[in-house]
Amino acid sequence: HRPGIAALIAESGCDQASLSSTSIGFMLAPRINAAGRMGQIDLALELFLTQDPERAAQVAHQLCELNRQRQSVESEIYQQAVSMLPAGAPPEAIVLADESWHQGVVGIV
């Protein structure tokens with residue numbers, strides 16, 4: 001019995017009865033991955049280790065919040081990157097950087 005996984009499934013809005021590789025890959029995994037990207041990997045570990053259903057629900061909620069934060073940061077970086085693109089015909093390669101970009105998120109933009 002894994003209360004953390006059950007809580008994340010519920011918090012993510014997935015239907016446990018019809019859980020598939022797609023729902024795991026696009027609904028559950030990003031929430032777990034967001035913990036590492038946003039510098040709070042301990043939450044993902046706690047999700048897997050806790051046996052307390054109440055604590056599992058709290059952690060699952062926090063992971064969903066972190067994923068929303070990650071999405072927001074990713075969107076901001078993307079918008080900044082687009083604004084940095086040169087006008088005219090696109091070059092063969094584009095390399096953009098900014099010291100303010102979040103280290104855990106910049107690689108997925």
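Coordinate-derived values only; no laboratory data. Because the structure is predicted, anything quoted here is derived from the model rather than measured. Counting neighbours? That spans all protein chains shown, and the Cβs are built from the backbone with ideal geometry, glycine included.
Take the chain, connect every pair of alpha-carbon atoms lying under 10 Å apart with a spring to form a Gaussian network, then pick out the residue of 49, 66, 28 with the largest mean-square fluctuation. Of 49, 66, 28, the most mobile in the Gaussian network model is 49.
Computed over the chain with a Gaussian network model linking Cα atoms closer than 10 Å, the most mobile of 82, 59, 95 is 95. You can think of it this way: the chain between residue 26 and residue 65 has 12.5 nm of extra reach, that is 0.36 nm per residue less the Cα-Cα gap. On full extension, the segment bounded by residue 17 and residue 52 gains 10.4 nm, given 0.36 nm per residue less the C-alpha separation. Using the Cβ-Cβ distance between residue 6 and residue 79 with R0 = 25 Å, the FRET efficiency computed as 1/(1 + (r/R0)^6) comes to roughly 0.10. Divide the volume of the convex hull around the Cα atoms of the range 36-109 by the residue count and you get 87 Å³ per residue. Helix screen, the chain: DSSP H segments with Cα axial length of 27 Å or more and mean Kyte-Doolittle hydropathy at least -1.0 are 53-84.
When Rg and Dmax are taken over the Cα atoms of the range 68-109, they come to 11.2, 34 Å.
In percent, rounded to a whole number, the relative contact order of the range 3-108 is 32, using alpha-carbon pairs under 8 Å and six or more apart.
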